[in-house]
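The values are calculated or read from the model by the stated rules, or taken from the named source; none is laboratory data. Remember, it's a predicted structure, so these values are computed and weren't measured experimentally. Neighbour counts run over all protein chains shown; Cβ positions are idealised from the backbone, glycine included.
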Amino acid sequence: MDKEDRRMIEVFNEFFMVLLLLIFCIIIAIVRVIRGPTAPDRVVGLDTINTIVIASMVIFGAASKEVIYIDVAIVYALLSFISTLFIAKYLEGGKF
Amino acid sequence: MIFEVILYIFLGIGVFFNLLGSIGLLRFPDVYTRLHAGTKCTTFGSIFICGSVMILGIKMWYQGSTDGSVLTIHTAGAIIAILLTNPTGAHAIARAAHRSGVKPVKAVIDTLAKNDSKKNKKEKQKEIKK
């Protein structure tokens, strides 16, 4: 068995099952983003999706034993925070 | 052995609270209650999921792997980022929703709106005086 096959098998562990459950959570939140009656509902759905994506990136980094995905999760957290603040400021109206 | 037991317990708590947050986001009737479910539950669950990854890193470190310490420290950085950014974003969304005119369902009294209108009146009076 060469190195690539061994790596493919190592990914399918308990963290991968947790990753599938988190993807199910993201799908439930996408339903709220599509159905939301007002604009703040959709923003709440997007904020929830961002948090679950951060958790699933950390889980994928643990499942494949790669540290680089966790660095990506940190940067994604900070950028999604900035986007959430900007959308909230836009909904609030008035001067920036 | 003890590391694996704590790791599985933390993973279970994290996934359970993330599922609760998603179902609450789907089922609650209002923006503010949806914000309550979708922000607090997912923050708590994500902290426990990152804690389980930290315990995996400590276990790898204890067994002599060099990647374990890097995994632990970087996941602690991810926990700090979640703790700093998530409540601030939720507060900004709630304030924006209230100021853009979304009322809570079945609300009887709204004290924040009274305070906002008083502030606006005072500012207008100051502008008129100037």
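Here B:GLY38 clears all of (1) modelled with pLDDT of 90 or more; (2) surrounded by 19 or more Cβ atoms within 10 Å (Cβ to Cβ); (3) of a type outside the set (A, V, I, L, M, F, W, C) except the condition numbered (1).
If the requirement is being over 12 Å from the mean Cα position of the chain (by Cα), of a type in the set (Asp, Glu), at the interface with another protein chain (Cβ under 10 Å from one of its Cβ atoms) and surrounded by fewer than 17 Cβ atoms within 10 Å (Cβ to Cβ), which of these qualifies: B:ASP116, B:ASP30, B:ASP110? Answer to the selection: B:ASP30. Does B:THR88 meet the test of being under 30 Å from A:LYS65 (Cα atoms) and modelled with pLDDT of 90 or more? Taking the combined requirement at face value, the residue does not satisfy it. Taking (1) crowded, with 21+ Cβ neighbours inside 10 Å; (2) more than 7 Å from every other protein chain (Cβ to nearest Cβ); (3) without any contact (Cβ under 8 Å) to a residue 12 or more places away in the chain in turn, A:LEU20 satisfies each apart from (1).
Scanning the range B:76-104 for residues that are more than 8 Å from chain A (Cβ to nearest Cβ), without any contact (Cβ under 8 Å) to a residue 40 or more places away in the chain and outside any helix (DSSP H, G or I) yields B:GLY101, B:LYS103.
In the range A:49-96, the qualifying residues are those that are among the polar types (S, T, N, Q) and more than 7 Å from chain B (Cβ to nearest Cβ), and the one that is farthest from the chain's Cα centre (by Cα) is A:SER64. The test for being closer than 17 Å to A:ASP47 by Cβ and part of a helix (DSSP H, G or I) does not hold for B:PHE48. For the residues B:SER69, B:SER65, B:SER46, B:SER22, the requirement of being at the interface with chain A (Cβ under 7 Å from one of its Cβ atoms), over 15 Å from A:ILE59 (Cα atoms) and small (Gly, Ala, Ser) singles out B:SER22.
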